[in-house]
Amino acid sequence: QIVQLIENNSVVIVQGETGSGKSTQVPLYILDHCVQRSVHCNIAVTQPRRIGASSLARRICKERSWTLGELVGYQVSLDNVSSKETRLLYMTIGVLLQRVVQGKRLTDFTHIVIDEVHERTEETDLLLLVVRKLLHTNSRFLKVILMSASINCEEFADYFALPVHNHLKPACIFKVKGRSYAVKEYYLDDLKDIVHFKLPSQRIEHPDIGREMYEVAVTLIQSFDKMEMKRIVITGKLQNLHYFSLGLNEISYLHSRLSSMFDKRWQVYPLHSCLTLEEQSKVFSSTLAGCRKIILATNIAESSVTVPDVKYVIDFCLTRALFCDEETNYQSLRLCWASKTSCKQRQGHAGRVSEGYCYRLVRKDFWTQFLPETSVPEIVRCPLGATVLKIKCLGMGEPKALLATALSPPSISDIERTVLHLKELGALTICVQTEENPYDGELTFLGKVLAQLPVDLHLGKLIVLGHVFGCLEECLIIAAALSLRNFFAVPFKQCINWHRKKLIFADNSKSDCIAIVNAFKAWQAWRQNRRQIAPKIELEWGQRNYINIKRIKEVDALFRNLRSRVSEFNMFVNNKSPAVDPENAYKQRFFLQVVIAGAFYPNYFTFGKCEEKLAVRDLGGRDPKTTVMLKHIPLCGFLYHKQLQSLFRQFGKVKSITYDGSKAFVEFCRHPAEGFRVLPAVYLSLKMSQLKIPVELNVHNSGYIENHLQGMGAAGLESLRVKVDCEKQTVEPVVMSFGTLDQSKIFPKSLLPINITEIVEVGHFWGQRRDEKTRTVLQALTDEINNQNLMDLPVTPHPGLICLAPFTQLGNREYYRARVLHVCEDFAEVFFVDYGNRSEVPLKTLKEIPSGVQEHPFVALEFKICKMRPSAKSLVFGERWCDSANERFASLMYGHPHLVKVYSLVHSVVHVDVFCFSAHETLVNVRDVLVEEGYAELVEESYESQQSHDLLEGLVLDQAKKEEKVPAVSTREEQDLIEKLLNLFPDNNRSAATHKITVSTPFSPFVLKCCSMTRVSWFRDVSIKKESINSVVQQGSEDPCQQLLVAASLSANGTVSAVDIDQTTLMPPIPGLPALLSMLFAPTIELRTDGSRKYFTGALCGLGWSRSRGAPLLPENDMELTFDVHFGMEDITEINILRRAINEMLSEYGVRSGRRRERELQEKIHQKFLR
């Protein structure tokens, strides 16, 4: 009967209950009918999800004993299991749509079965629209079958009505009854005898799952267990259970909750779209005897997925749906009440092999009165970019006109806004001058490419721009990785180690995308270096590097697929080995960052400035690059310093902990040969707050401490300031220092001769004063050390240890004071603290430092050239300073006598002007030479440096003299009090502590707040997701210019009051770079001038002005820029030349002009940009 209806009608609607077999049997009826009559057929069956297409094809082949991929196959995303002989092909809707867009007809198929048509995804509605259109044009002999368990038959029949004898004849409807067993429905009202606690009220405007509802679900399972005890005895088997939870977080919570409660009799399986097909298929495995299978699913399992032997369904009656905000175009995944149609689909999973039960965790009156009958179709609430592009490729007319014929037409404003966004993206042409119709445009070459790629539109643009700038391979990797689930794996309670590993992969680029590229290439290199790869060994490699091997293999498959697709547009990955030149590697990384900025325009963000004066005060003048602060420290917090040191040891080597009232300052060790950057240890410490890792201490009650003191100094406990030196292992009171005057005594205003012992990087070096006093001190130290009987180290050498070491390069056996920097096998790298240089020495040669010698102050000084920062050239071709800059600086510093003029002293680093003698015996400033040659540029000193300078210059000398007259605080009493407390309450005896407290997580007043550059988000909170490398950004005195943060992922919360960004890239701190990138990638630019119209002061970047409307076309994405560097007319002309060169590469002519011309254009773009 079904086959006959299909033969006689163009469109047939089949409604059959869940479990009736329509998804497998109807296509088989058609196939069998055609085979028996030797009639050619090619049947396509669409499914909304991958697991549905693959599982149905497998089931048919299993039932018929056929080989999968021959007569019956499936195609989902990258997985194509079919052949030329395949006549019944299950596929996702996206696969069929892609075929239609490429062929603009449906004649490749004789029958198209659109299953689960009730789901009304955006792709489903587009497919229905296209099929309906083509049935009236070039595909009239196609047979279309629409199937669902909960379809509104009349609505679809009217939509596919055909004109017959001057009137419309609705499509044919065929209804199938297929349920063998009844399913009893229960609501919260029916569970009073099972649930013995008060349930929260439910409101239509506040969909939510409270902890109580989870407990209801768990209680239900326990009741099933009791009811089936007899069944276990008789059959040895428990009935399976299907949960319809919500998202990954809810599934994760329920999974851990159930796993912790029950034993091995419970087989708990998650089921959601982020799992691989292999992982999803585990739900179909047989249940072991005496066990119950529990499936925790999102709405992925509503349709097409039939799990055998399910008796119970527990439904929270909620779902997560994607919405696109009309004002901002931001997407948000919102929790909302599921429709009755969806809930009935879920119910259908029970009662297929026996009587079933469905428990809806809402009250009966709430179900009746408030839950909607049907879901809102995606096409009216989701972004329409990909849909409009496909429509333009099909050439079926203006998007507004065609989408008006959809089953549920989206609003005109949504379509118009989508067209404008596509113009902003560069996928549609912009006619600013004529602008007859701003809400339509022709497909650009970029638009044609985007329509053919199975990735997000911005990721498609990333790929095309990667071709333009010569970094196609890296962009393909990023696009593939961001299209799938993150392949970085974060094991439970190992978040800090994962972030540390991600920082290593990022390689100081401050980019999540570059971390992805480097991790992927590391995996590729590891595989290429092995002839045979055992799965176990590869999994172990993945665990060490926090990479999920299954997911990265999926990324690899998509990467190869995308590489093949773009080759059709003459875009090819350069397979030549990259140049060894390190400066070239940095240049390529910079251009990759530029491409990222271009692809994700206008997702641009920047950072507000912290009030440096207040931040310095809050941190007590300590170095923010090495120090974090904790608050709410208990009384006598230094008693628990070993606990804090143990906690922070996972981040880095702790140098000291200073306690000041209820605050504690943790300072980490900085490698003497490390540049002035925020230490990874500081970054990881600040991540604790985001990761919600508590800082817990076992402490004594304050009253208990005061009672033990018996009045001896108890009154001064709260004001006690204590420093714990973790290297010297001392606990001492903080000595009040008014040493600003001492600085002027140590460093006179006159020029100071120095010896340079080691260069760290441009402008950063170690040395000594070159005078008789210093020579005398060094000689006395050397004599005192080497005239003693030196002892071997009593402890194992470790980083931070102060000891004695020989300086082997001098060829003598004398020992000098040194700090161990690094230990590797039988050798140690040491830093000579009195000379300022490093050496590698055998471990066995290290000696214990005598106590008398250890107390002398270190003689070596650390210097930094003041008022200087890297130029744009140095930042592009190097980490901070390019190799050529470092070589030039070394040539100026080594082999010449030097004089320095002290500018300031900040965090024990001497900021100076350095002078050397030129070939003409004239004194030249090294900074001036570097600036003149383009390696550096001038910059103001930080607030702290300026304050120190003012003190040295005597600008606030009077105030300092007043401070000097303050009587010194006697520390002897404080030291006695500290020692007594440490003896009374030793930290190693934690069992004596009376209770546990939680102090605040590490904090720094220098952490910056992110804000949007586009108008639409000016007054919205911006939050960088904790998984991003840039979720913690500190203000650095070295980088005072505005920095641009680009986000590849952007979403809003339910109320669109806040914006969440992820997969971020922080651009290099080059003055003017944010303005340059904005003007380079914005569709149109309107320049701002000063009052005299002589200078450009800024620019308005966006889609431009509509003359017909007399208003901006897309005002929410406009960016108002204020230039922080000078842009002249010549610069604007160069920017326009660069834009034209990029546009030429983005044209069909540019892509098809040959490899030689392509390389010429790429080189031209590189040169123009770097100018």
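The values are calculated or read from the model by the stated rules, or taken from the named source; none is laboratory data. Computed from a predicted model, the values in this text were never measured in an experiment. Don't worry about glycine lacking a Cβ; one is built from the backbone with ideal geometry, like all the others, and counts go over all protein chains shown.
Answer yes or no as to whether Glu540 is under 20 Å from the mean Cα position of the chain (by Cα) and either at negative phi or part of a helix (DSSP H, G or I) (or both).
no
Any residue in region 915-940 that's closer than 24 Å to Pro1069 by Cβ: show its pairings with residues that are assigned to a loop (DSSP other than H, G, I, E, B) and not β-branched (Val, Ile, Thr) at Cβ separation under 6 Å, as long as the two are six or more apart or on different chains.
Listed pairs, sorted by first residue: Gly934/Ser871; Tyr935/Ser871; Ala936/Ser871; Glu937/Ser871; Leu938/Lys867.
From Lys961, Lys980, Lys996, which residue is exposed (fewer than 13 other Cβ atoms within 10 Å of the Cβ) and at pLDDT 85 or above?
Sole residue among the options that is exposed (fewer than 13 other Cβ atoms within 10 Å of the Cβ) and at pLDDT 85 or above: Lys996.
Quick check on region 639-650. Is at least one of its residues under 29 Å from Ile1024 (Cβ atoms) and not hydrophobic (A, V, I, L, M, F, W, C)?
Kept after step one, since they are under 29 Å from Ile1024 (Cβ atoms), are these residues of region 639-650: 644, 647-650.
If we keep only those that are not hydrophobic (A, V, I, L, M, F, W, C) too, we end up with 649-650.
Checking region 639-650: at least one residue is under 29 Å from Ile1024 (Cβ atoms) and not hydrophobic (A, V, I, L, M, F, W, C).
Among what's in region 1105-1115 and is surrounded by 15 or more Cβ atoms within 10 Å (Cβ to Cβ) and within 19 Å of Thr418 (Cβ to Cβ), pick the residue that is modelled with the lowest pLDDT.
Looking only at region 1105-1115, we keep the residues that are surrounded by 15 or more Cβ atoms within 10 Å (Cβ to Cβ), and these are 1105-1106, 1112-1114.
Still in the list and also within 19 Å of Thr418 (Cβ to Cβ): 1106, 1112-1114.
Working: Ser1106: 82, Pro1112: 90, Leu1113: 90, Leu1114: 91.
Taking the candidates together, the pick is Ser1106.
Do you know which residues across region 304-338 are closer than 17 Å to Pro270 by Cα, of a type outside the set (A, V, I, L, M, F, W, C) and at pLDDT 80 or above?
Tyr312, Asp315, Thr319, Arg320
Out of the residues in region 1090-1104 that are surrounded by fewer than 20 Cβ atoms within 10 Å (Cβ to Cβ) and touching a strand residue (DSSP E or B) at 6+ places or on another chain (Cβ under 6 Å), state the one that is nearest to Tyr601 (Cα to Cα).
Leu1100
Does region 62-73 contain any residue that is at negative phi, surrounded by fewer than 20 Cβ atoms within 10 Å (Cβ to Cβ) and out of contact with any helix residue (DSSP H, G or I) (no Cβ under 9 Å at 6 or more places or on another chain)? Before the answer, list the steps.
We begin by selecting, within region 62-73, every residue at negative phi; these are 62-64, 66-68, 70-73.
After this cut, where a residue has to be surrounded by fewer than 20 Cβ atoms within 10 Å (Cβ to Cβ) as well, the list is 62-64, 66-68, 70-71.
From what is left, the residues that are out of contact with any helix residue (DSSP H, G or I) (no Cβ under 9 Å at 6 or more places or on another chain) are 62.
There is at least one residue in region 62-73 that is at negative phi, surrounded by fewer than 20 Cβ atoms within 10 Å (Cβ to Cβ) and out of contact with any helix residue (DSSP H, G or I) (no Cβ under 9 Å at 6 or more places or on another chain).
Taking the criterion of being within 30 Å of His907 (Cβ to Cβ), at pLDDT 90 or above and of a type in the set (Ser, Thr, Tyr), would at least one residue in region 591-602 satisfy it?
No, that holds for no residue.
Let me spell it out: the conditions are (1) in contact (Cβ under 8 Å) with a residue 12 or more places away in the chain; (2) surrounded by fewer than 18 Cβ atoms within 10 Å (Cβ to Cβ); (3) more than 30 Å from Ile194 (Cα to Cα); (4) not basic (Lys, Arg), and Ala404 meets all of them except one. Which number is the exception?
It is condition (1) that Ala404 fails.
Condition first: within 23 Å of Leu751 (Cα to Cα), assigned by TED's automatic domain parsing to the domain that holds Phe765, modelled with pLDDT under 95 and outside any loop (DSSP other than H, G, I, E, B). Can you find one or more residues in region 870-877 that meet it?
No, region 870-877 has no match at all.
For every residue, the table says whether it meets (1) part of a loop (DSSP other than H, G, I, E, B); (2) in contact with a strand residue (DSSP E or B) (Cβ under 8 Å, 6 or more places away or on another chain).
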| residue | (1), (2) |
| --- | --- |
| Arg565 | no, no |
| Phe569 | yes, no |
| Val573 | yes, no |
| Asn584 | no, no |
| Lys587 | no, no |
| Phe590 | no, no |
| Ala597 | no, yes |
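Yes/no matrix, rows are residues, columns are (1) among the acidic types (Asp, Glu); (2) outside the structural domain of Phe323 (by TED's automatic domain parsing); (3) surrounded by fewer than 21 Cβ atoms within 10 Å (Cβ to Cβ):
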site	(1), (2), (3)
Gly348	no, no, no
Gly351	no, no, no
Glu355	yes, no, yes
Val362	no, no, no
Asp365	yes, no, yes
Phe370	no, no, yes
Val388	no, yes, no
Lys392	no, yes, no
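Determine if region 854-867 includes at least one residue that is over 24 Å from Thr774 (Cβ atoms), of a type in the set (A, V, I, L, M), surrounded by 15 or more Cβ atoms within 10 Å (Cβ to Cβ) and at pLDDT below 95.
First, pick out the residues of region 854-867 that are over 24 Å from Thr774 (Cβ atoms): 867.
Narrowing further to those that are of a type in the set (A, V, I, L, M): none.
Looking for residues that are over 24 Å from Thr774 (Cβ atoms), of a type in the set (A, V, I, L, M), surrounded by 15 or more Cβ atoms within 10 Å (Cβ to Cβ) and at pLDDT below 95, one finds none in region 854-867, hence no.
Regarding region 843-852, can at least one residue be identified that is of a type in the set (Gly, Ala, Ser) and modelled with pLDDT under 90? Don't jump to the end; show me each part of the working.
Of region 843-852, the ones of a type in the set (Gly, Ala, Ser) are 851-852.
Subsequent filtering for residues that are modelled with pLDDT under 90 retains 851-852.
Yes, the conditions are met somewhere in region 843-852.
Filter region 994-1045 down to residues that are in contact with a Ser or Thr (Cβ under 9 Å, 6 or more places away or on another chain) and basic (Lys, Arg) and give me whichever is nearest to Ser685 (Cα to Cα).
Applying the filter and picking the extreme gives Lys1025.
Take the residues of region 16-45 that are part of a helix (DSSP H, G or I) and among the aliphatic types (A, V, I, L, M): which is surrounded by the most Cβ atoms within 10 Å (Cβ to Cβ)?
Val26
Name every residue in region 165-185 that is surrounded by 10 or more Cβ atoms within 10 Å (Cβ to Cβ) and either farther than 26 Å from Ala350 by Cα or in contact with a helix residue (DSSP H, G or I) (Cβ under 9 Å, 6 or more places away or on another chain) (or both), in order of residue number.
Pass one, region 165-185, residues surrounded by 10 or more Cβ atoms within 10 Å (Cβ to Cβ): 168-176, 178-185.
Once the filter is applied, which keeps residues that are surrounded by 10 or more Cβ atoms within 10 Å (Cβ to Cβ) and either farther than 26 Å from Ala350 by Cα or in contact with a helix residue (DSSP H, G or I) (Cβ under 9 Å, 6 or more places away or on another chain) (or both), region 165-185 yields Leu168, Lys169, Pro170, Ala171, Cys172, Ile173, Phe174, Lys175, Val176, Gly178, Val183, Glu185.
Looking at region 868-896, which of the residues that are surrounded by fewer than 17 Cβ atoms within 10 Å (Cβ to Cβ) and touching a strand residue (DSSP E or B) at 6+ places or on another chain (Cβ under 8 Å) is nearest to Glu921 (Cα to Cα)? Walk me through it before giving the result.
Step one: of region 868-896, the residues surrounded by fewer than 17 Cβ atoms within 10 Å (Cβ to Cβ) are 883-884, 887, 890-891, 894-896.
Adding the requirement that they be touching a strand residue (DSSP E or B) at 6+ places or on another chain (Cβ under 8 Å) leaves 890, 894, 896.
On the way: Ala890: 19, Tyr894: 16, His896: 11 Å.
Out of the qualifying residues, it is His896.
Residues in region 1134-1142: is at least one farther than 22 Å from Phe591 by Cβ, modelled with pLDDT of 90 or more and out of contact with any helix residue (DSSP H, G or I) (no Cβ under 9 Å at 6 or more places or on another chain)?
Quick first cut of region 1134-1142, residues farther than 22 Å from Phe591 by Cβ only: none.
So far as region 1134-1142 goes, no, none of its residues is farther than 22 Å from Phe591 by Cβ, modelled with pLDDT of 90 or more and out of contact with any helix residue (DSSP H, G or I) (no Cβ under 9 Å at 6 or more places or on another chain).
Which residues, taken from region 1053-1066, are within 15 Å of the chain's Cα centre (by Cα) and either crowded, with 22+ Cβ neighbours inside 10 Å or small (Gly, Ala, Ser) (or both)?
Within region 1053-1066, Val1059, Ile1061, Gln1063, Thr1064, Thr1065 qualify.
Return only the number of the condition from (1) in contact with a strand residue (DSSP E or B) (Cβ under 8 Å, 6 or more places away or on another chain); (2) outside the structural domain of Asn152 (by TED's automatic domain parsing); (3) among the aliphatic types (A, V, I, L, M) that Val216 does not satisfy.
(1)
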